[in-house]
Each structure stands twice: as C-alpha cells, then as structure tokens.
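Here's the structure, in structure tokens; my notes come after.
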Amino acid sequence: MNVRPATLDDLPRLLGWAEEFLSFHPLTSQFPRDLMAVETMLRRLIEGEDAALLMHERGAIGGIIAPMWCSPDVRVANELFWWSESNGLALMKAFEAWASERGAQVVNMVMIVGRRDVSPIYDRAGYMPVELSFVRAA
C-alpha cells in the first residue's frame, strides 16, 4: 500500500476513521467527543511544520516532533494516533522514516490498553516499553 502525506481533501475520510476510532477508545466513555476539535487537530497535523499525518487507503498515523522533556536537545517523534484496517506496519515504518528525515532521535509509539495487543510488533521493531498511563476524571 502506498503511504502518503494526507491533504485537506482527505479530511472527510479521516473524520470517518476518527469516529470509528473514538467509538472504542476508552476515554470517550468518560469525556464527550468533539469532531470539530478532531478536525482542527487533523488540519494542524496536515499543515504543521513538525507535524505529520500519513495515510494509505486503509488507515492513517499522526504525530508531532517536540523536545524531550528531560533533555531538550533530543527531538522526539510522538505518535498521537495510529488507525489501520490492514497493513498498519507500513504506516509505522513511514512515520519512523518521516521522524528520521526531520532529525528526531527518538520515536514514541503508544497502544490502547484493552484492544489488540500490538506490543509484539513494537518488540520486533526494536521498541522498549517505557511507561503505562493511568487516567481518571479529576
């Protein structure tokens, strides 16, 4: 599958995928969904300098590059979401290549707890587990 940067013309398809993704994301059972905010975020990823929204015909991956909190000279590519109906590995590899081209020294990938366990994919790609987040309403 051909991975490419998303364009504003892709927004309807991306928003459809976002609705499906949000339908099972654990946080959306506690917090309201705001598809206008999702669209704003997608636009920023498409148009941003240190942001990426890459896609193929079956999925997308989005992320940003920012300084590491404890070592500001280290640039970290942070995956914000990764949605794919198939061939998600191609998206991950494209995100890693984008990050490397932009000088990121670290790539941070995440996984939704309670869904398909993708940790074996991360293990095979050389990632190590670093944190596990816990969330509750304030």
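Miscellaneous remarks
- Highest mobility in the GNM of the chain, judged by mean-square fluctuation with C-alpha springs under 10 Å and restricted to VAL76, VAL38, VAL113, is found for VAL113.
- Cα-Cα separations in the range 28-117 greater than 18 Å, expressed as whole percent: 50 percent
- Label separation (ALA125 vs ASP9): 2.8 nm, computed from points 7 Å beyond Cα along the C-beta direction.
- For the range 4-124, share of DSSP beta bridges that run antiparallel, in % to the nearest 5: 85 percent
- Residue-averaged 222 nm ellipticity for the chain, from DSSP H runs of 4+ at -39500 (n - 2.57), nearest 500: -10500 deg cm²/dmol
All of the numbers you see were taken from the coordinates with simple rules; none came from a lab. Computed from a prediction, not measured in an experiment: that's the story for all the values here. Counting neighbours? That spans all protein chains shown, and the Cβs are built from the backbone with ideal geometry, glycine included.
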